[in-house]
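One structure is given here, and the rest of the page talks about it.
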Amino acid sequence: MTFSSSYLLSITTFIYLGAAALYLIHWVFRVEKVGFIASIITAAGLACQTVGIGLRWVESYQLGYGHAPLSNLYESLVFFAWVTVLVYLIIEWKTKKRVIGAFATPFATLAMAYASFSPEVQDKIQPLIPALQSNWLIAHVITCFLGYASFAVACGMGVMYLMRGGDDSDPGTGLRNSLPSHKVLDDLMHQTIVFGFLWLSVGIITGAVWANQAWGTYWSWDPKETWSLITWFVYATALHARFVRGWQGKRIAFLSIIGFVSVIFTYFGVNFLLSGLHSYGSS
Amino acid sequence: MKKKKSSSGRNPLWKFFTSVRLAIFLLIILAVTSIIGTVIPQGETLQVYLNNYGPAVFKAIKLLDLGDTYHSWWYLTLLGLFSLNLICCTLNRLPFTLKLFKRDYIDITPDYLRRVTNRYEWQINSPADSSLIQQILKKFRASAGSLREKKLDDGSVIYMAESGKWSYWGLYGLHLSILIIFAGAVYGSLTGFKGRIMLMEGESTDYAIKSSPNSEKIEKIPLGFSIRCDRFFVDFYDTGAPKEFRSDLTIIDGDKEVVKKSILVNDPLTYKGVTFYQSSYQSIPEVSVRVTTAEGASRTLVIPAFQRVSWPEAGLTLGLMKFLPNVHGVPAARIWIGDVTGRADALWLFRGSSKNITAAGKPYRAEMLDAAERYMTGLQVKKDPGVWIVWLGCTGLIAGFAIVFWVAHRRQWLYVGSGDKGTTLLLSGQSNKNKLQFEKDFNEIKSAIDNVIGEGK
């Protein structure tokens, strides 16, 4: 069967790669039309991926397992890419700033490429082990990844902020000056972090509720839990520093990048380097 | 009353604990030190740390209690400081918030309204026509909500619509929620317990074994009722991965079977505040051995693991030392045989085969008739009366967060001033959050009023 979920998801990888390249071209050569095409292609990729994820769900029922495609590393990477693109497209639609695409879509492309091509990541549909057989799985994964994806986009904005040259009044002709102004980036980055922080909090809480139901402890200081809390501390720092101490711009941009490094470690580092209750994620 | 002009004159300790600088410092320190417990395996015995890390690092691990980082004295101190800082910052901010909250924003002057971020002014070169004003107010009300009015001395009127003033309290709800979560965790750990139970099928118990890391001491926790495991099931997928662990449990309270439930990993059983979770299992072999004397008398003994079974008339006691489920297609068991003299012997038996033995000077024949596997279920037992406090805190945290970031305090004013030359209309508006959306709404009102004035001309 060629029209399978893995076929569609492989195509998605290439669509996102193409979209990321077009967004880059749009930024570097400042061709408005290319940016428009990039948006169309990204949306098409999202549609293709949505069908792919839906098909995978159906296929899991055909195999007799029947569970949402959110249960192992492959499926979580695919979902991460999906949410990242979704969050980005919403931001693009609201702000009309396509340059951000050059810094957001690469995260989705990388996640899809890693999921599709790494020998460490198995793309087979696996049955759910007893610990994962819960409706909290869907709530927990969706909320966590809404957070992760927002932080990925915020990290992209942090990088843009640090790259943006000159002062805001300078319309500029250089590459660095064609990025949105510091003021706009700072504001967008903050809003994206706020959005991600809310979902990370909900994600941690749904995880706690689930753990309490499965194991009888809502918090057991397992490395994944602890790292999610570390990530939470980093972004809480960013929010408080901005609110009360008036930190802006560069410092928040750095915190946004550090925060995403912490997200990456929570996501992968814990699975590959540390052991704990979430280690099934590495299979 | 003491003078409260500035906080700089106050107690330096108070100043220290009310500083947001301390809050940011603590957040960063907590983030960094939390890493330790994810790198060093937690809950091992001291010997393991000594072997793995060497004497120098071991000293630090022991001193800083890094084998149980998150319950160590210094980590709990950090959390305590964090809570104290949170309380002090909140209290310190309270007067400021109260002032914001109590202030009546209708007590302003037209000049103030001319300095507000969003504003628009109309001059109508005729005295105020009350039906026109009513029409304008109708539009204003339709978009901004219910209005209050205030007459000024010169006969002009200020109308005001306000919403979301209460959102100033969201911040307090948010921070209080964090303290509520801490309180719930502390209350739960003081009044509840965590333990485990291992039960063979058919077995029952009225106590759990307390779970305590770093300690080999066994402590029993009485349940106040009995729990019995009627059956345990384990099921696997074709891939070999586990599909289901299930224990059929019965609660016996006062000699009566009060509850029967099959528990799964994500579906525990709760009785009188104590919850039983499916957490592990073991398969326990059970071997039946027929022993025959030289005279031809025989007895079949069923020997479960960890137990000894006697045949008192013959003076024999048998035990199961080792069990191999598959040796060349048949199960094998190493059987321990003791006699009245206190001497003991051990022999390997295979299912269906027999061996001659000597005990207390007499010959016997031993034959393994059958071997079966019985299951032992592992239950996690928990009582945590604080868990609902924690969930309350979590709900408050999310609600507070949403209020802090998305509920805005919006104020919109319409000043109607009548002078000799005509009527002045001044529309002003301010929002402390989500200013873009507010601007849109403001412009909508503006154009609605524009239309009314245009028609009136």
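Conditions first: (1) at pLDDT 85 or above; (2) touching a Lys or Arg at 6+ places or on another chain (Cβ under 9 Å); (3) assigned to a loop (DSSP other than H, G, I, E, B). B:K4 passes all but one, so which condition is the exception?
(1)
For the structure I just gave you, tell me whether B:G9 is among the small types (G, A, S) and at pLDDT 90 or above. Step through it out loud before you land on a result.
Values: among the small types (G, A, S): yes; at pLDDT 90 or above: no.
Considered against the rule, which asks whether it is among the small types (G, A, S) and at pLDDT 90 or above, B:G9 comes out as no.
If I ask for residues that are among the polar types (S, T, N, Q) and within 14 Å of chain A (Cβ to nearest Cβ), which ones from segment B:218-256 would you list? Walk me through it before giving the result.
Taking segment B:218-256 as the starting set, the residues that turn out to be among the polar types (S, T, N, Q) are B:226, B:239, B:247, B:250.
Result: B:T239, B:S247.
Which of the residues that make up segment A:219-274 are over 19 Å from the mean Cα position of the chain (by Cα), surrounded by 20 or more Cβ atoms within 10 Å (Cβ to Cβ), more than 8 Å from chain B (Cβ to nearest Cβ) and under 19 Å from B:T38 (Cα atoms)?
Result: A:D222, single match.
How many residues does segment B:84-107 hold that are among the hydroxyl-bearing types (S, T, Y) and touching a helix residue (DSSP H, G or I) at 6+ places or on another chain (Cβ under 6 Å)?
Residues flagged as among the hydroxyl-bearing types (S, T, Y) and touching a helix residue (DSSP H, G or I) at 6+ places or on another chain (Cβ under 6 Å) within segment B:84-107 amount to 2.
May I ask you to list pairs of residues, at least six apart or on different chains, whose Cβ atoms are under 6 Å apart, with the first in segment B:354-379 being without any contact (Cβ under 8 Å) to a residue 24 or more places away in the chain and the second being surrounded by fewer than 18 Cβ atoms within 10 Å (Cβ to Cβ) and hydrophobic (A, V, I, L, M, F, W, C)?
Pairs that qualify, where the first residue is without any contact (Cβ under 8 Å) to a residue 24 or more places away in the chain and the partner is surrounded by fewer than 18 Cβ atoms within 10 Å (Cβ to Cβ) and hydrophobic (A, V, I, L, M, F, W, C), are B:K355/B:L347.
Pick from segment B:257-273 the residues that are of a type in the set (K, R) and part of a strand (DSSP E or B): which of them is nearest to the other protein chains (Cβ to nearest Cβ)?
Residue satisfying both the conditions and the ranking: B:K261.
Residues checked against (1) more than 28 Å from the chain's Cα centre (by Cα); (2) surrounded by fewer than 16 Cβ atoms within 10 Å (Cβ to Cβ); (3) part of a strand (DSSP E or B):
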site: B:G170; (1), (2), (3): no, no, no
site: B:S177; (1), (2), (3): no, no, no
site: B:G202; (1), (2), (3): yes, yes, no
site: B:S212; (1), (2), (3): no, yes, no
site: B:F245; (1), (2), (3): no, no, yes
site: B:I252; (1), (2), (3): yes, yes, yes
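Name the single residue that is nearest to the other protein chains (Cβ to nearest Cβ) among those in segment B:47-99 being buried (at least 17 other Cβ atoms within 10 Å of the Cβ) and among the β-branched types (V, I, T).
Ranking the candidates gives B:T69 first.
Residues of segment B:219-243 being outside any strand (DSSP E or B) and farther than 27 Å from B:G192 by Cα, which ones?
B:Y237, B:D238, B:T239, B:G240, B:A241
Limited to segment B:91-136, what total is found for residues that are in a helix (DSSP H, G or I) and within 14 Å of B:S156 (Cα to Cα)? Step through it out loud before you land on a result.
As a first pass, look at segment B:91-136 and keep what is in a helix (DSSP H, G or I): B:91-102, B:110-113, B:130-136.
From what's left, within 14 Å of B:S156 (Cα to Cα): B:110-111, B:113, B:130, B:133.
Adding up the residues that qualify gives 5.
Considering only residues that are modelled with pLDDT under 85 and either assigned to a strand (DSSP E or B) or aromatic (F, W, Y) (or both), which ones fall in segment B:328-356?
B:A344, B:D345
Please work out which residue is surrounded by the most Cβ atoms within 10 Å (Cβ to Cβ), limiting yourself to segment B:16-46 and to residues that are of a type in the set (S, T, N, Q) and within 16 Å of A:W227 (Cβ to Cβ).
For segment B:16-46, the residue satisfying everything is B:T38.
Exactly one of these conditions fails for A:L200: (1) touching a residue at least 12 places away in the same chain (Cβ under 8 Å); (2) at the interface with another protein chain (Cβ under 7 Å from one of its Cβ atoms); (3) crowded, with 21+ Cβ neighbours inside 10 Å. Give me its number.
(2)
Does A:Q122 satisfy the criteria of being in contact with an Asp or Glu (Cβ under 9 Å, 6 or more places away or on another chain) and within 14 Å of chain B (Cβ to nearest Cβ)?
no
Filtering segment B:273-300 down to residues that are crowded, with 20+ Cβ neighbours inside 10 Å and over 35 Å from the mean Cα position of the chain (by Cα), which residue is farthest from A:L132 (Cα to Cα)?
So, considering only residues that are crowded, with 20+ Cβ neighbours inside 10 Å and over 35 Å from the mean Cα position of the chain (by Cα), the one farthest from A:L132 (Cα to Cα) is B:V291.
The values are calculated or read from the model by the stated rules, or taken from the named source; none is laboratory data. On a predicted model such as this, the values are computed, not experimentally measured, just so you know. Here the Cβ is made from the backbone with ideal geometry for all residues, glycine too, and neighbour counts use every protein chain on show.
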